[in-house]
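Chemist: The structure that follows is given in the form of structure tokens.
The values are calculated or read from the model by the stated rules, or taken from the named source; none is laboratory data. Because the structure is predicted, anything quoted here is derived from the model rather than measured. Cβ sites come from the backbone with ideal geometry, for glycine too, and all protein chains shown count toward neighbours.
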Amino acid sequence: MRYRRPGLDITSHTLLILCVIVFFLPVWMAIVAATHTQSSLYTGTAPLWFGSEGLGNFLAVLSDPVSRLGTDATRLLLNSTIMALGIAVGKITIAILAAYAIVFFRFPMRMLCFWAIFITLMLPVEVRIMPTYKVVADLGMLNSYSGLILPLIASATATFLFRQFYLTVPPELLEAARVDGAGPWRFLRDILLPLSKTNIAALFVIMFLYGWNQYLWPLLITTESDYMTVVISLKRMLTSADNLVPWHTVTATTLLAMLPPIIVIVLMQRYFVKGLVDTEK
Amino acid sequence: MATLRLDGLKKTYPNGFVALHGLDLTIDDGELLVVVGPSGCGKSTLLRMLAGLEDITEGSLYIGEKRVNELEPVERDIAMVFQNYALYPHMSVAGNMEYALKNRGIPKEERRRKVEETARLIGLQDLLDRRPRQLSGGQRQRVAMGRAIVREPQVFLFDEPLSNLDAKLRVQMRLEIRRLQKRLGVTAVYVTHDQVEAMTLADRLIVMNEGRIEQLGTPMTLYEQPASTFVAGFIGSPAMNFLNANADGDTLTLPCGSQLTSPVDVHGDITLGIRPEHLVPVEESPQALTVQVELVEPLGADTLAYATLAGQTEPLVVRFDGVRRLNEGDRLWLAPDRERLHVFDPDHGHRLTTTETSTTS
């Protein structure tokens, strides 16, 4: 149902535009600040238009080691990407397999397994951070990609979502596949995965962002700058006891840190739509 | 092509419910056997057991000479057409049809040749690249058939394949299934709850009730000599009329006072079965059943009349020629054909024959 009322149109548009300005202004200021030199940012007024540096600050943080970090933004972005991809891919893989087992196989204590997985929803990283740290430290995985990824890789949410989706798959489809000679792996690969393309795309976006934005865990286990993620580095750059905060570098890094999530969303959104158009339950 | 032999096939579910009570049956090579019955009679369970989708609790199942109880569906060399078709939504028509061949490791060229051959046979050659979603109900049904045919199985299993189609398409597809099955000469088991489908398709017909075979025979045998009131009421449309009557030798007395000549020699209370099409209107006479028309259903070719007969709770259904004009409230005199009366035991519902009753009386 749609209403056509000119007054309502104007009000809602005004409201929306205002919201966009409110949300976009800080981003704009970051973009602007990233094009200035450090000294021009300390003149007392925050600039609202581009400065003299252009893309210079971006290129500088990407190629030269950033002060107080000992590594450049390229490395930071790479670390973040590896961590986010590892978490997203790992979570989806594990969730698909776990949900597949729970829905399509009959084994003893099947429901117990399901509930055990489900209960872990109540235990995010923050709650179990001390024991997890101990385990990871004992396994010698501090300052490593596996240490960054593995503790975050199991996801009850994703398992649950896949389970719900699998339950909607008509049982005749499985039976038809069995009659057609597809074993469990073939059924998963040829029928179930193509059907859950949309779910996989959606979850990938969510899980990639979740991995990218991780703060507490990487902060805890990465002490070497070689494994530092970009989100952590921002905080490090800001904590300066004696020097001025290098705002031009910070904003440039921030903007760079924002890019991959945006790229993922934009790219995967096309898959969403394609998946929605192509498949039919 | 194979014979199918069921030897005391029994199904008990874990909760103790017995779905099938030991079925013995041989289905001949190239035969189309239809299993018909109300929902919950075990007909789908039977089919799924033949397919290997459901475990066999007791008894043996042979396809050809081989006992297949323990075999997976694919190893039994059967093909199944499902009620909702169960097409793979993300695969094209060709993909759906060749999936079984692909799993069997048949090379691509041969797969394509077989799919195209089958597509021509069932008129799908222009639709091979489409997705199931882009097809009409009838076309999907055809793809499901094609998927079964392309594998050249020993046995076809049909699980109510036409019940999702509209009436006109159902008639058309019914003919087509019959023609294809005869042409390919593949043994087939067809499950349905629609007695018209059952009558028209079957070489032989099984009426099932509560996990047992109520009667097995050709469609006309079941129509002409139903073994029980259950079969009599299930086969034929509209259903047979059942009247309470009292028999004394070859004379049947109805509660309304009319007397009919019985085809069998029995004594005592009986259930009399008369098909709607075997009641003939006659001139007024004491032998005839006097009825009053309550409701008229003109169908074009036929006219059905629902009429009340004194002493009977259920209205009597009578089928007239379509040219006959009837009005509600009309009085009619009907004479049933003696040869076409069916006499059943009123308690157990089984058919009474002269030989059987002459020994008891």
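Chemist: If residue B:98 passes every condition in (1) touching a Gly at 6+ places or on another chain (Cβ under 9 Å); (2) in contact (Cβ under 8 Å) with a residue 40 or more places away in the chain; (3) more than 9 Å from every other protein chain (Cβ to nearest Cβ); (4) more than 27 Å from residue B:167 (Cβ to Cβ) but one, which one does it miss?
Modeler: The single condition residue B:98 does not satisfy is (1).
Chemist: Taking the conditions exactly as written (surrounded by fewer than 20 Cβ atoms within 10 Å (Cβ to Cβ), more than 25 Å from residue B:132 (Cβ to Cβ), at pLDDT below 90 and away from chain A (no Cβ under 14 Å)), does residue B:64 satisfy them or not?
Modeler: yes
Chemist: Then there's this: Starting from segment B:121-134, take each residue that is within 14 Å of chain A (Cβ to nearest Cβ) and within 23 Å of residue B:178 (Cα to Cα) and list its partners that are at pLDDT below 90 and outside any loop (DSSP other than H, G, I, E, B), counting only C-beta distances under 9 angstrom and pairs at least six apart or across chains.
Modeler: From residues that are within 14 Å of chain A (Cβ to nearest Cβ) and within 23 Å of residue B:178 (Cα to Cα), there are no pairs.
Chemist: Return the residues of segment A:70-115 that are within 23 Å of residue A:59 (Cβ to Cβ) and either touching an Asp or Glu at 6+ places or on another chain (Cβ under 8 Å) or part of a helix (DSSP H, G or I) (or both); say none if nothing qualifies.
Modeler: Passing the criteria: A:71, A:72, A:73, A:74, A:75, A:76, A:77, A:78, A:79, A:80, A:81, A:82.
Chemist: Mind checking which residues of segment B:185-201 are in contact with a strand residue (DSSP E or B) (Cβ under 7 Å, 6 or more places away or on another chain) and among the β-branched types (Val, Ile, Thr)?
Modeler: Result: B:186, B:187, B:189, B:191, B:192.
Chemist: When only residues in segment A:145-177 that are of a type outside the set (Phe, Trp, Tyr), within 14 Å of chain B (Cβ to nearest Cβ) and in a helix (DSSP H, G or I) count, which is surrounded by the fewest Cβ atoms within 10 Å (Cβ to Cβ)?
Modeler: Per the criteria, the residue is A:168.
Chemist: Now for a different question. Based on what the data block shows, is residue A:62 of a type outside the set (Ser, Thr, Tyr), in contact with a Ser or Thr (Cβ under 6 Å, 6 or more places away or on another chain) and in a loop (DSSP other than H, G, I, E, B)?
Modeler: No: the conditions fail for residue A:62.
Chemist: Would you pick out the residues in segment A:88-137 that are loosely packed, with under 15 Cβ neighbours inside 10 Å, farther than 26 Å from residue A:148 by Cα and not hydrophobic (A, V, I, L, M, F, W, C)?
Modeler: Scanning segment A:88-137 gives A:106, A:108, A:110.
Chemist: Using the structure shown, decide if residue B:144 is within 14 Å of chain A (Cβ to nearest Cβ), in contact with a helix residue (DSSP H, G or I) (Cβ under 7 Å, 6 or more places away or on another chain) and surrounded by 22 or more Cβ atoms within 10 Å (Cβ to Cβ).
Modeler: no
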